[in-house]
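The values are calculated or read from the model by the stated rules, or taken from the named source; none is laboratory data. On a predicted model such as this, the values are computed, not experimentally measured, just so you know. Cβ placement follows ideal geometry from the backbone for every residue including glycine, while neighbour counts extend to all protein chains displayed.
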Amino acid sequence: MQVSPSLLSADFAHLSDDIDMINSSEADMLHLDVMDGVFVPNISFGFPIIKMVSHLCDKPLDAHLMIVEPHKWIPQIRDLGVRIMNVHQEACRHLHRTIYQIREAGMEAGVTINPATPVLMLQDIITDLDLVLIMSVNPGFGGQPFIEHSIEKVRELRALIDRTGSKAKIQVDGGVNAETGRRLAEAGADCLVAGSYIFNSNDPHKAISTLKNL
């Protein structure tokens, strides 16, 4: 199982310490939740923070853009050293074009679907994707309870990927802990995003290792 700790739950007063922890952990990448206060009801952080993080973090950066018109920022995201640029299906008027623009910029292309968006919405582009992120909470805030139907959505997405021969990995974000992580792994998830479970733990390294070994 791949693990992508969510920077949103880190201590921003001691951000370099938390990134050092990530660097020395078994984490596979670092998840960056970029929120604009328009697409989601919250504002998180922007390019200056990502630039600083890119200099400090040894892990690949996994940028989840919860913003309107994400295609406008593809060159800037690439220039910040992001490996995976992940956009919302609900935020992209021309999703296929945006996916190809991300790939042409040299990044891996990911698409996120909200809890109320069916997996079926991805069937015409699934073979063009490197990653699909299923939101198992409503996007915008950390620490929300896990939405149970997400387990079935992972199963549906795994079936779609297997049926089409897509190489896309399944990532899940929201309410992830050892128990929900185990169930998501059994349903077919490839990567777990976790914020509160890791950064609020007395032993973040152990929390990451627990998810890694599911």
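Assorted remarks:
- Scanning segment 127-153 for residues that are touching a strand residue (DSSP E or B) at 6+ places or on another chain (Cβ under 8 Å) and either more than 20 Å from Asp33 (Cβ to Cβ) or not aliphatic (A, V, I, L, M) (or both) yields Asp128, Asp130, Ser136, Pro139, Gly140, Gly142, Ser150, Lys153.
- Residue that is over 21 Å from Leu65 (Cα atoms) and either without any contact (Cβ under 8 Å) to a residue 60 or more places away in the chain or surrounded by 20 or more Cβ atoms within 10 Å (Cβ to Cβ) (or both), where the choices are Thr180, Thr117, Thr98: Thr180
- Unmet criterion (only one of (1) buried (at least 17 other Cβ atoms within 10 Å of the Cβ); (2) at pLDDT 95 or above) for Glu148: (1)
- Hits in segment 165-177 (condition: surrounded by fewer than 13 Cβ atoms within 10 Å (Cβ to Cβ) and of a type outside the set (Lys, Arg)): Gly165
- A residue that is in contact with a strand residue (DSSP E or B) (Cβ under 6 Å, 6 or more places away or on another chain), over 15 Å from Leu133 (Cβ atoms) and surrounded by 18 or more Cβ atoms within 10 Å (Cβ to Cβ) occurs somewhere in segment 198-210.
- Selection status of Ala187, surrounded by fewer than 17 Cβ atoms within 10 Å (Cβ to Cβ) and more than 12 Å from the chain's Cα centre (by Cα): no
- Tabulated pairs, segment 198-214, first among the charged types (D, E, K, R) and at pLDDT 95 or above, second surrounded by fewer than 21 Cβ atoms within 10 Å (Cβ to Cβ) and not in a helix (DSSP H, G or I), C-beta under 6 angstrom, 6+ apart or interchain: Lys212/Met1; Lys212/Glu26
- Some residue of segment 35-48 being out of contact with any Asp or Glu (no Cβ under 7 Å at 6 or more places or on another chain), farther than 17 Å from Phe141 by Cα and of a type outside the set (S, T, N, Q): yes
- Matching residues in segment 86-102 - criterion: being under 18 Å from the mean Cα position of the chain (by Cα) and either within 27 Å of Ile19 (Cα to Cα) or of a type in the set (Phe, Trp, Tyr) (or both): Asn86, Val87, His88, Ile102
- Test result for Leu133, buried (at least 19 other Cβ atoms within 10 Å of the Cβ), closer than 21 Å to Val82 by Cα and touching a His at 6+ places or on another chain (Cβ under 7 Å): yes
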